[in-house]
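**Student:** Below is one structure. I have some questions about it.
The values are calculated or read from the model by the stated rules, or taken from the named source; none is laboratory data. Just so it is clear, the structure is predicted and the values come from calculations on it, not from any experiment. All Cβ positions, glycine included, derive from the backbone under ideal geometry; neighbour counts span all protein chains shown.
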Amino acid sequence: MWKWLFFFSGLAVLCLGVSMTIKGKVLGVSPWDVLHIALFEKVGLTVGSWSVITGLIVLGSTSLYLKEWPKLATWLNMFLCGVFIDFFNWLLPSSTNSLSSALYFLLGVVILGVGCALYISPNLGAGPRDTLMIIFAKKFAGSIGKARLMMEAIIALIGWLLGGPVGAGTIIIALCTGYIVQWSLPFFRNMLEKRIQHSLDENKPSHKEMDHLAKES
């Protein structure tokens, strides 16, 4: 139960952060959203819909590379993120000036990274983009921070070539998010282990109960 709670909570927090960076896009949006917004402006649909479509493409590519079928959590990540992003884009008020946009954006970057670490921590299965990040880390970069930077630089370039809104914030996200995940992940994994252990301890019979059962037998 705790694993799924961390997973779904993490997805919601992650998507809240993504929507906040979109609302504060005066600084530029995340590398993936540079691509999603470019596709939205050129083709139509919604940003959330393009998040699902690009997720499907990445999912297919990583599954072929790893030669394994995606886990249930990976599918849930891909479809729920699109729904959550559209929901938070609808729910959150638009920023009214440059200062509120900057605050929206910077807070969104932190929330995005923390949410990513929270949903990855149970090891139920990473989303398509984070699976790609892990492949980059193992194959090229050696660390999650460097791998995410490498991956998002490529995606931002593609989105920019299609007309997406690249700005200083895009660089901030590319530089910072991977390291926020890298620093937050051990914290959430440790917290999850403690929660699971606490639940197991609560369900264990006490010494008195064990003695009573022994006498009855």
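**Student:** Looking at Gly60, Gly10, which one is crowded, with 19+ Cβ neighbours inside 10 Å and either assigned to a loop (DSSP other than H, G, I, E, B) or not β-branched (Val, Ile, Thr) (or both)?
**Tutor:** The match here is Gly10.
**Student:** Identify, please: which residue in region 77-105 is hydrophobic (A, V, I, L, M, F, W, C) and under 12 Å from the mean Cα position of the chain (by Cα) and is, among those, modelled with the highest pLDDT?
**Tutor:** Residue satisfying both the conditions and the ranking: Phe84.
**Student:** Which members of region 27-38 meet the condition of being assigned to a helix (DSSP H, G or I) and surrounded by 21 or more Cβ atoms within 10 Å (Cβ to Cβ)?
**Tutor:** Passing the criteria: Leu27, Pro31, Trp32, Asp33, Val34, Leu35, His36, Ile37.
**Student:** Looking at Arg148, is it surrounded by 14 or more Cβ atoms within 10 Å (Cβ to Cβ), modelled with pLDDT of 85 or more, touching a Ser or Thr at 6+ places or on another chain (Cβ under 9 Å) and among the basic types (Lys, Arg)?
**Tutor:** No, not satisfied.
**Student:** I would also like to ask the following. In this structure, does Asn89 turn out to be touching a Gly at 6+ places or on another chain (Cβ under 6 Å), surrounded by 15 or more Cβ atoms within 10 Å (Cβ to Cβ) and on the phi < 0 side of the Ramachandran plot?
**Tutor:** no
**Student:** Within region 13-34, track down each residue that is within 23 Å of Ile120 (Cα to Cα) and among the hydrophobic types (A, V, I, L, M, F, W, C).
**Tutor:** If the condition is that a residue be within 23 Å of Ile120 (Cα to Cα) and among the hydrophobic types (A, V, I, L, M, F, W, C), then Val13, Leu14, Cys15, Leu16, Val18, Met20, Ile22, Val29, Trp32 are the ones that fit.
**Student:** Report the residue count in region 117-146 for those that are assigned to a helix (DSSP H, G or I), of a type in the set (A, V, I, L, M) and more than 10 Å from the chain's Cα centre (by Cα).
**Tutor:** Going through region 117-146 one residue at a time, the tally reaches 7.
**Student:** When region 163-206 is examined, which residues are found to be over 24 Å from Leu11 (Cβ atoms) and either touching a residue at least 60 places away in the same chain (Cβ under 8 Å) or of a type in the set (Ser, Thr, Tyr) (or both)?
**Tutor:** Correct list: Gly163, Pro165, Val166, Gly167, Ala168, Ile171, Ser206.
**Student:** Let me ask something additional. So is Gly108 modelled with pLDDT of 80 or more and of a type in the set (Gly, Ala, Ser) or not?
**Tutor:** yes
**Student:** Another question, then. Among the listed residues Ile196, Ile173, Ile158, which satisfies the condition of being modelled with pLDDT of 75 or more and either touching a Ser or Thr at 6+ places or on another chain (Cβ under 7 Å) or closer than 14 Å to Gly113 by Cα (or both)?
**Tutor:** Going through Ile196, Ile173, Ile158 in turn, just one is modelled with pLDDT of 75 or more and either touching a Ser or Thr at 6+ places or on another chain (Cβ under 7 Å) or closer than 14 Å to Gly113 by Cα (or both): Ile173.
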